[in-house]
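Student: Input: one structure, supplied below.
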Amino acid sequence: MKEYRDIIDAVINIPLGDYYTATNGEEEWVAHPIQYSVDHLANSILLISSDEEYKDATKLQTTPIIIDIRPEKNILLISCHGTTVTTSMIWKIIESYLKELINSSLPEPKEIYISDIHESNLGIGHGEQIFNIDFDKVHSNHLKHLDNYQLQRLGHLEQLLYRCRELTTSTLINLVNADVDLKNTNIFRSKYLNRSDRFDNYYSFPFGVLYRTKSRLRGFNAESSTMNYRMQPAKHFICMNAHPHYRRIALVNYLYKEKIVDACHLSWLPSDHNGKSIESTKLIFGEPFFDYNKVMTLDLNVTEVRSGGQYEMVDEFYYLTDSLIDIGIETISDPRMELEGNRFITEKTWKPYLFGKIGFQFNYSGYYSDLKTFGFELYDEIFDYSFDKIKDNEIRFNEYCKELKRISEIPIKDLTSQILTIEDKILNNRNHIWNYKFPMPTVLKEYPNLGIELNE
């Protein structure tokens, strides 16, 4: 064990260098020094060498790097979330650790698990080049005709996969990811990767965001908050948009075009996670019926919604009292993102269930079938879900909008009465999401501190 302690001490004292950010979206990369205190880095690495240490370790909060060197294990586990250390820093630590194993003639890990249960898109982080290597040399031969810029536009997870392959020989490299059906998804961008360049094993866990949301709601003392359908809400819908993109613009444009917005509480915060506003009318298809650069605030402004997980919370009046149905567009429902086949679910889906409210979101084809598989009852008494089976994203979206139009034309009192007849179903779904133990991969059961509140 002392050899590994020495390696960890060496790693956290090694100058970890720079990562590089593309500044113009093409070829210019600017280096940024990675600077953390030694103590901060030490707290990011957990070494397990005995069963006693393992028992203590599983009680801890999320740890980005876990090194389990027990004889029957010898595995390295890496988490991309729930940490104050940046992904770039974690990746550089892993690179240094594997190098030090080689220098010390210690065995490489039997397995490496890379876990990202809050995102499903492997392309995230493509604007950063973390490792100071030429990815052209590690890509498949059939990619040699591509220019170097394209080769470097790999996401964080893809970059780490390549680096781990370079620094190991027989280690199995596994991915734990939020995609519903990871083995059959298209997120691996097969046009870029050969089979040998992919992960060895794939483990789906689509409930990571749910566990995070539940944890934050408990922190806000909001787990007992529930929708009250007996207060005679004035609006059919509530539609909240804190990160507008192509498909969300299309939905709100439709709400204005068809005058559905009059039956809807609407928030519109036209900036991305970095505070950048929407730049071009190219994002609008057809005639614009609203000013998509105008801020429309319900409860939280742009600054508030970006801080402290407050976007997980809902407003007592607008959400829990004065609107019947939560509508909107899930995160990946944008065909421009080139994620066809990706099946990802976020708090936009989970929050209505958690608050005992009816939700009607637009997502991938088969989304509602997946929710039913997860144990939730569909509200067939209210909605026609037949659009959910349509593969074509554009046609499915148009049919979803038509269903919103139909619902909006039902008098508010009649719609409220219909909803009250299925109140037991709504509350059953709420009880299910708060109390059911959703299945998770064995590695997350064994190492719950790879994610937020997995050992709840």
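Just so you know, all these numbers are worked out from the coordinates, no wet-lab data involved. Here the structure is a predicted model, which is why all the values come from computation and not from measurement. Virtual Cβ from ideal backbone geometry, glycine too; neighbours counted across all protein chains shown.
Student: Calculate I(q)/I(0) for the stretch 211-435 by the Debye formula, one identical point scatterer on each C-alpha and no solvent, and give its log10 at q = 0.11, 0.13, 0.14 Å⁻¹ to two decimals.
Tutor: Ignoring solvent entirely, the Cα scatterers give -0.52, -0.75, -0.89.
Student: Another question about this same structure. Filter the cross-link list Lys235/Lys413; Lys357/Lys413; Lys214/Lys405; Lys372/Lys402; Lys257/Lys294; Lys351/Lys437 down to pairs whose alpha-carbon distance in this structure exceeds 20 Å.
Tutor: Lys214/Lys405; Lys372/Lys402
Student: Going by a ≥ b ≥ c, the root eigenvalues of the Cα gyration tensor, does the stretch 318-456 fall in the rounded group (a/c under 1.5), the prolate group (a/b larger than b/c) or the oblate group?
Tutor: Since a/c reaches 1.5 but b/c is at least a/b, the shape of the stretch 318-456 is classed as oblate.
Student: Could you work out how far the C-alpha centroid of the stretch 78-126 sits from that of the stretch 400-456, in angstrom?
Tutor: Their Cα centres are 33 Å away from one another.
Student: Now for a different question. Sorting check: for 421-432, 309-320, which peptide has the highest mean count of neighbouring beta carbons within 10 Å, and how do the rest follow? Could the numbers behind the result be given before it?
Tutor: Working: 421-432: 15.2, 309-320: 18.5.
Going by the mean number of other Cβ atoms within 10 Å, highest first, we get 309-320, 421-432.
Student: At what distance in nm do the modelled label points of Asn221 and Asn293 sit from each other, each positioned 7 Å from its Cα along Cα→Cβ?
Tutor: 4.3 nm
Student: Taking 45 Å as R0, compute the FRET efficiency from the Cβ-Cβ separation of Glu377 and Lys110 and round it to 0.05. Before the final figure, lay out the partial values.
Tutor: Numbers: r = 43 Å, r/R0 = 0.95.
After rounding to 0.05, the efficiency reads 0.55.
Student: With a sphere of radius 12 Å drawn around the Cβ of Leu98, what net charge do the other residues whose Cβ falls strictly inside it have (Lys, Arg +1; Asp, Glu -1)?
Tutor: So the surrounding residues net to 0.
Student: Oh, and also: Could you tell me whether the stretch 350-430 comes out rounded, prolate or oblate from its Cα gyration tensor? Rule is a ≥ b ≥ c as square roots of the eigenvalues, rounded for a/c under 1.5, then prolate if a/b exceeds b/c, otherwise oblate.
Tutor: Working: a/c = 2.29, a/b = 1.20, b/c = 1.91.
Cα axes put the stretch 350-430 in the oblate bin.
Student: Counting only residues 5 or more places away or on other chains, whose amide H sits under 5 Å from the amide H of Phe362 once H atoms are built in the peptide plane?
Tutor: Gly328, Ile329, Glu330
Student: Simple spin-label model, 7 Å along Cα-to-Cβ: Ile410 to Lys391 in nm?
Tutor: That separation, rounded to one decimal, is 3.2 nm.
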